[in-house]
Amino acid sequence: MSHTTRPPAKQASDELGYTVPDLHEKLGLLEEALEAISDGFVLYDRDDKVLAYNSKFLGLFPFGASYRTLLRVQARRGLFNMAAASEEQWLQRRIAERANPRAPIEQLFEDGRVIRLSEHLTASGG
């Protein structure tokens with residue numbers, strides 16, 4: 001099941017000109033679309049807080065409040081192969097890579113799994 005952060009329905013309906021049932025229907029469609037994606041998906045807001053995700057994302061990573069927190073928790077659990085870098089060096093490198101995404105990268109996990117990360121910035125900064 002996917003999850004999206006929902007604004008208060010009354011506020012959103014007033015701002016967008018939709019009725020509350022319309023908003024629930026549209027958010028339901030968005031959640032269905034996120035769940036239909038075959039890969040793990042997560043959307044962060046401009047403050048790097050999780051805004052939306054699908055169940056495949058939850059199956060790949062432990063859920064965290066922010067991107068930095070998510071990485072730190074995973075690193076402390078020994079999930080990543082950090083190639084002899086300190087946790088802080090590795091964390092800073094991943095944050096820099098995410099801030100300036102280029103081609104997809106592969107993240108090696110200690111258990112041998114390799115996850116392809118394709119990161120993109122949104123126009124609003126998420």
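What follows draws every value from the coordinates through simple rules; no lab data is involved. Keep in mind the model is a prediction, meaning the values are calculated, not measured. Neighbour counts run over all protein chains shown; Cβ positions are idealised from the backbone, glycine included.
What is the local net charge at Ala85, summed over the other residues whose Cβ is closer than 15 Å to its Cβ (Lys, Arg +1; Asp, Glu -1)?
Once positives and negatives cancel, what remains is 0.
Sticking with the crude label model, points 7 Å out along Cα→Cβ, report the distance from Val114 to Ile95 in nm, one decimal please.
2.8 nm
Just the Cα atoms of segment 62-126: what Rg and Dmax do they give in Å?
12.0, 36
Considering only the other residues whose Cβ falls under 14 Å of the Cβ of Ser124, what net charge follows from Lys and Arg at +1 and Asp and Glu at -1?
Once positives and negatives cancel, what remains is -1.
Ile105: net charge of surrounding residues, Cβ under 11 Å, Lys/Arg +1, Asp/Glu -1, itself excluded?
Here the charged neighbours net out to +2.
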